[in-house]
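I'd like to ask you about the structure that follows.
Throughout, read-outs are computed from the coordinates displayed, never taken from laboratory work. For clarity, every value in this text was computed on a predicted model and none was experimentally measured. Backbone-built Cβ (ideal geometry, glycine too); neighbour counts: all protein chains shown.
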Amino acid sequence: HYFIQSNLRMVSIKHLVSLLIFEVVAILPIFLVIYWAQKFAGGFSWTTGSKLKFNYHPVFMIIAFIFAMGHAIITFRILPISHRVKKYIHASINLVAGIFAIAGLVAVLQFHNENKIPNFYSLHSWLGITTISLLFLQVLGGLGIFQDLVKGASQEVRALYKPWHIVLGVSMVTLAAASALTGIQEKYGFVNPVKYSAEAYSYNFLGLSLVLWVLTMVYILLNVEKRDPQNPDEASLLAESN
C-alpha cells in the first residue's frame with residue numbers, strides 16, 4: 001500500500017513537472033517571435049498592401065502548431081481526468097489550432113498576392129500546407145469518429161482508425177517543427193541580417209526554442225505514462241483519502 005501510494009505520488013510529480021516544462025517551451029517561441037516582429041520587423045498591420053501583414057503569419061502558426069496542437073497532443077498524457085473529458089478538451093484545442101492556422105495562412109497569402117510574390121514554391125510552403133492539411137484531416141476524423149458526429153461509427157471503426165489518428169498526430173510534431181524551422185531559415189535568407197547581430201541571433205534563438213519544444217514533446221510522449229483516474233489502485237487511494 002505504501003509502495004503504491006509513493007509510486008502514485010511520484011507519477012503525479014512527474015506529470016506536474018513535465019507540464020510546467022512544456023508550458024515554458026510552448027510559450028517561449030511565441031514570446032520570441034513577437035519580440036522579433038516588434039523589434040526587427042516593424043510590428044504588425046493588416047492594412048492592404050502593408051508588408052507588416054506577413055508578421056502575423058509566424059505568430060499565428062506558432063500559436064496553432066506549437067502551443068495549441070502541442071497542448072492537444074499531451075492532454076491524454078498529462079491530465080488526471082476521465083478519458084471522455086480529455087476527448088472534449090483535445091478536440092476543442094485542435095479547433096483553436098485550426099482557427100489560428102487559417103488566420104496564419106490567410107495572412108501570408110494576402111501578403112504574397114498584394115506584393116506580387118508567388119505562392120507555394122518553397123520547401124517551407126510545401127511542408128506547411130501538408131501540416132495544415134493533416135491538421136484538418138485529424139480534426140474532421142476526430143470529430144466524426146470519436147466525438148460521435150458520425151452515428152454509424154462502430155467500435156470496430158474507431159479501433160481501426162485510432163492507431164492512424166495517433167500516428168498522424170505524433171507525426172505532426174515533426175512536420176510542425178520542420179515547417180517552422182525551414183520558415184525561419186527562409187526568412188533569414190530574405191532579410192540577410194548582419195552576421196552576429198542581435199537580429200541574426202533572434203532567428204537562431206527562435207529556432208532553438210522550437211528544438212526544445214520538440215525534445216520536450218518526445219520526452220512526454222515516450223516517458224510520461226498516461227494517468228488514468230479510473231486506475232483501481234489510484235481510485236482506492238482517492239476513496240480512502242476522502
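Hey, what number do you get for the chain at 222 nm if only DSSP H runs of n ≥ 4 count, each worth -39500 (n - 2.57), divided across all residues, to the nearest 500?
Taken over the chain, the calculation gives -26000 deg cm²/dmol.
Working only with C-alpha atoms, what are the Rg and Dmax values of the chain, expressed in angstrom?
20.6, 69
Looking at the chain, do any whole DSSP H helices span at least 20 angstrom along their long axis by alpha carbon and average 1.0 or above on Kyte-Doolittle, and which?
2-39, 123-141, 198-223
Let me ask something additional. What does the net charge come to around G49 if you take all other residues with beta carbon closer than 13 Å to its beta carbon, with K and R at +1 and D and E at -1?
Net charge in that neighbourhood comes out at +2.
Something else about it: Would you please classify the overall shape of segment 104-205 from the alpha carbon gyration tensor, given that a ≥ b ≥ c denote the square roots of the eigenvalues, rounded means a/c under 1.5, and beyond that prolate means a/b larger than b/c while oblate covers the rest?
prolate
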